[in-house]
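Novice: Can you read through this structure? Questions will come right after.
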Amino acid sequence: MQRKTWVVIGAGVLVVAGIGALTGGEDSEKQKKDTAKSAVTAPAKPTDKPIKEAPKPSGIPSPDTAQTAALIRALGAIEPGLVVKEPRAVDRARNVCSDIKADKPAATIQRNARARYEGGTVPSLTDKQAADIVTAVKSSFCG
């Protein structure tokens, strides 16, 4: 009888193993299908090498070397503190030019120029100095 018991136990183990294999096989197939679906719907991976685009122009004119020299001379004549940091003075002039190109009212352009250049090395500017800054920007590169 002992041999019969082992045969029954062995058959039971085989049945359980077979059911497990069948069930596991279905899961495996389902996983393969899910993986295939996600591969189709997954977003494209970015390329290793980024595509270089041409820089977009800002729309704000930049003075060339001669225009920059003329601008710095004109600003320095208005107030020497305006040109202590020349790159910053030019950047501010470009923003004034942006206001001019946007056809903002003259009073707004002058007020914005004054706000841009006041502070730091130039604690305050007069209305005349602000108007002179706008004139300097127009005459040097933003005409």
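Novice: Of these, ILE19, ILE72, ILE78, ILE60, which one is modelled with pLDDT of 55 or more, exposed (fewer than 14 other Cβ atoms within 10 Å of the Cβ) and of a type in the set (Val, Ile, Thr)? Please lay out each step first, then the result.
Specialist: Values: ILE72 fails: exposed (fewer than 14 other Cβ atoms within 10 Å of the Cβ); ILE78 fails: exposed (fewer than 14 other Cβ atoms within 10 Å of the Cβ); ILE60 fails: exposed (fewer than 14 other Cβ atoms within 10 Å of the Cβ).
Criteria check complete, one pass: ILE19.
Novice: Out of the residues in segment 120-143 meeting the condition of being of a type in the set (Val, Ile, Thr) and part of a loop (DSSP other than H, G, I, E, B), tell me which one is surrounded by the fewest Cβ atoms within 10 Å (Cβ to Cβ). If you could, list the steps in order and put the result at the bottom.
Specialist: If we filter segment 120-143 for residues that are of a type in the set (Val, Ile, Thr), which is where we start, we get 121-122, 126, 133-135, 137.
Filter again for part of a loop (DSSP other than H, G, I, E, B), leaving 121, 126.
Numbers: THR121: 13, THR126: 11.
Going through the qualifying residues, I end up with THR126.
Novice: Exactly one of these conditions fails for ALA106: (1) open to solvent by less than 30 Å² (accessible area, probe 1.4 Å); (2) farther than 18 Å from ARG73 by Cα; (3) not charged (D, E, K, R). Give me its number.
Specialist: (1)
The values are calculated or read from the model by the stated rules, or taken from the named source; none is laboratory data. Predicted model only: the values in this text are computed from it and were never measured. Don't worry about glycine lacking a Cβ; one is built from the backbone with ideal geometry, like all the others, and counts go over all protein chains shown. Ligands, DNA and RNA are excluded from the accessible area calculation, which covers all protein heavy atoms including side chains. Shrake-Rupley method; radii C 1.70, N 1.55, O 1.52, S 1.80 Å.
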